[in-house]
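Working notes, beginning with the structure itself.
The values are calculated or read from the model by the stated rules, or taken from the named source; none is laboratory data. All of these numbers come straight from a predicted model, not from anything done at the bench. Cβ placement follows ideal geometry from the backbone for every residue including glycine, while neighbour counts extend to all protein chains displayed.
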Amino acid sequence: MSSNEVYLLWGSTGWIGGILQGLLRDGGKKVVVAKARLQNREEVEKELDEHQPTRVLIAAGITGRPNVDWCETNKEATVRTNVIGTLGIVDACWQRGIHATLFATGCIYEYDKDHPIGGRGFTEEDRPNYDGSFYSKTKAIVEELLKVYSNVLILRLRMPISDDLSERSFVTKIAKYHKVVDIPNSMTVLNELLPLSLSMSEAKLTGIYNFCNPGAISHNEVLQIYKEEVDPNFEWSNFTVEEQAKILGAGRSNNFLETKKLEDEAIKLGHSIPDIKTAVRQALRKAKAKLVAEGRFPDGLPKKLGPGNK
Ligand SMILES: NC(=O)c1ccc[n+]([C@@H]2O[C@H](COP(=O)([O-])OP(=O)(O)OC[C@H]3O[C@@H](n4cnc5c(N)ncnc54)[C@H](OP(=O)(O)O)[C@@H]3O)[C@@H](O)[C@H]2O)c1
């Protein structure tokens, strides 16, 4: 790859953007942190023209705090960033012939009769069938429109897991809940897949990719691995999707995404992607080692939240 590559990164203050920035810096790449708000087209264009990036990475977006329920009561703000802002930046890149990589979501599907639990998964060609949360709805709408752009790589992440016990990691989140549902899902182990995303950006791949480790893993399987690798005293209990719905402001998608397209591309780019169960175990083993090395074990382990998973 040419050493003249310049990455302009949106979302550097976020979880995934922060990891991307670290990977780029560690890899000796030139990375510029963007400051413009996505929806401010004029400012976005100014930054593109000033920095003349060869690659744009968009890890910016509204995810909601403390969770996606926030989007249900802040719909305009959610549209402004996740729809208007995301379309605007990809369009501005397209006008300038700049390749853009969007860190998107696979939470736009739910199991149905043609894609049952344990059966075949959703491919990149399947139409989204989940709009049970406003967050997911905006993400599916914007993906449908972005598909027409020839300069964008859309990576559908799901339930990301890091190799630490970050508050944002799916494992940490569910370890804090009093009760969890138990449904197999596709998930993205970030330390395995984010380096691949940078290779895909370098190779200027375009189109949609289900950006998850191969296979599916259930909540209980994740927590069992957590118990085995991190905290042998960990206990949890389950509840049903119907019981869960009573404590949530919006629905949550559960699905399995096919990853053959991603796996084939990974091989061409010289990456191997471990299956989800192996990847979760490896990530949690590293997380425990970090905690111990930092002298934060066991005090740094996730603590259960108050009643109702809040
Ligand atoms: N975390 C997940 O569970 C998950 C799962 C699947 C997909 N994803 C997708 O991955 C992307 C990054 O997720 P994340 O977890 O890293 O999110 P995050 O930690 O919430 O960070 C979001 C980032 O986006 C920036 N941002 C928000 N609105 C913006 C705007 N209007 N203009 C410019 N920057 C804006 C934030 O900056 P400020 O703090 O300055 O607002 C922050 O840097 C999101 O689009 C999300 O949909 C995340």
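Residue by residue through region 41-87, note down the ones that are within 27 Å of residue 5 (Cβ to Cβ), more than 8 Å from the ligand (Cβ to nearest atom) and assigned to a loop (DSSP other than H, G, I, E, B).
Passing the criteria: 52, 53, 54.
If you take the residues of region 186-199 that are touching a Ser or Thr at 6+ places or on another chain (Cβ under 7 Å) and surrounded by 23 or more Cβ atoms within 10 Å (Cβ to Cβ), which of them is farthest from residue 5 (Cα to Cα)?
So, considering only residues that are touching a Ser or Thr at 6+ places or on another chain (Cβ under 7 Å) and surrounded by 23 or more Cβ atoms within 10 Å (Cβ to Cβ), the one farthest from residue 5 (Cα to Cα) is 190.
For region 88-120, what are the residues that are outside any helix (DSSP H, G or I), of a type outside the set (A, V, I, L, M) and surrounded by fewer than 21 Cβ atoms within 10 Å (Cβ to Cβ)?
Result: 96, 97, 110, 112, 113, 114, 115, 116, 118, 119, 120.
Quick check on region 30-39: of everything there that is near the ligand (Cβ under 9 Å from one of its atoms) and without any contact (Cβ under 8 Å) to a residue 40 or more places away in the chain, which residue is nearest to the chain's Cα centre (by Cα)?
So, considering only residues that are near the ligand (Cβ under 9 Å from one of its atoms) and without any contact (Cβ under 8 Å) to a residue 40 or more places away in the chain, the one nearest to the chain's Cα centre (by Cα) is 34.
For region 103-145, which positions are more than 24 Å from residue 73 (Cβ to Cβ), touching an Asp or Glu at 6+ places or on another chain (Cβ under 8 Å) and small (Gly, Ala, Ser)?
Of everything in region 103-145, just one residue is more than 24 Å from residue 73 (Cβ to Cβ), touching an Asp or Glu at 6+ places or on another chain (Cβ under 8 Å) and small (Gly, Ala, Ser), namely 121.
Give, as residue ranges, the helices (runs of 4 or more DSSP H) completely inside region 215-310 that count at least 2 residues that are modelled with pLDDT under 95 and surrounded by fewer than 14 Cβ atoms within 10 Å (Cβ to Cβ).
Fully inside region 215-310 and qualifying: 241-245.
Please verify whether region 122-133 includes one or more residues that are within 14 Å of the ligand (Cβ to nearest atom) and touching a Gly at 6+ places or on another chain (Cβ under 6 Å).
yes
Just checking, which of 102, 48 is at pLDDT 95 or above and under 21 Å from the mean Cα position of the chain (by Cα)?
Answer to the selection: 102.
Working only within region 192-208, note down all residues that are in a helix (DSSP H, G or I) and out of contact with any His (no Cβ under 8 Å at 6 or more places or on another chain).
Result: 192, 193, 194, 197, 198, 200, 202.
Considering only residues that are part of a helix (DSSP H, G or I) and either near the ligand (Cβ under 8 Å from one of its atoms) or touching a helix residue (DSSP H, G or I) at 6+ places or on another chain (Cβ under 9 Å) (or both), which ones fall in region 1-29?
Of everything in region 1-29, those that are part of a helix (DSSP H, G or I) and either near the ligand (Cβ under 8 Å from one of its atoms) or touching a helix residue (DSSP H, G or I) at 6+ places or on another chain (Cβ under 9 Å) (or both) turn out to be 15, 16, 17, 18, 19, 20, 23, 24.
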